[in-house]
Amino acid sequence: MVQVSPTLTLVDLTIRGLSPGRYEATVRETGDISQGAASTGGIWESQPASGGRLSPPRGHLGSITVGPDRRGSALMDRPVAIWELIGRSMVVSRLKDGPFQREDADTTVGVIARSAGVWDNDKTVCSCSGQTLWEERRGQVEKGMM
């Protein structure tokens, strides 16, 4: 996610490993993923518009199609600021509204968190192995080295 103006955020979504088909990407009310998508709440900002009709929730990001290679990608834009999304969860599922099961191989869920800005998160690569420092450390810890 990249916020490109005070009220516009681009979402570049890439999915791998799901069964082929159409999926809905939604931002949920809470960041509680303790029971998978089942504990994330409803779609964020699902509020009635004037006249009692429901306006489309700002938390519905859009659809993504996963192909036979079990991969899919989509570029979406939504009228939101990133600070409004931090701490909420994102669900990618065949179901837009739920109800979700605790375990579903074709539903992914995660918490939206802040990361560094563009060019602000340089990674150092070990010239001897080509691994990042984090990968190099993990390998050393597995060998019993601290």
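The values are calculated or read from the model by the stated rules, or taken from the named source; none is laboratory data. Model, not experiment: these values are computed from the prediction. Reconstructed Cβ throughout: ideal geometry from the backbone, glycine too, with neighbour counts over all protein chains shown.
Of all residues in the stretch 1-59 being among the hydrophobic types (A, V, I, L, M, F, W, C) and more than 16 Å from the chain's Cα centre (by Cα), which is modelled with the lowest pLDDT?
Filtering the stretch 1-59 down to residues among the hydrophobic types (A, V, I, L, M, F, W, C) leaves 1-2, 4, 8, 10-11, 13, 15, 18, 25, 27, 33, 37-38, 43-44, 49, 54.
Cutting the leftovers down to more than 16 Å from the chain's Cα centre (by Cα) gives us 4, 8, 49, 54.
Values: Val4: 92, Leu8: 91, Ala49: 54, Leu54: 63.
Ranking the qualifying residues of the stretch 1-59, first place goes to Ala49.
I'd like the residue in the stretch 1-41 that is surrounded by fewer than 16 Cβ atoms within 10 Å (Cβ to Cβ) and of a type in the set (Lys, Arg) and, out of all such residues, is farthest from Pro99 (Cα to Cα).
Arg16
When you scan the stretch 94-115, how many residues do you find that are surrounded by 12 or more Cβ atoms within 10 Å (Cβ to Cβ), more than 14 Å from Leu18 (Cβ to Cβ) and acidic (Asp, Glu)?
1
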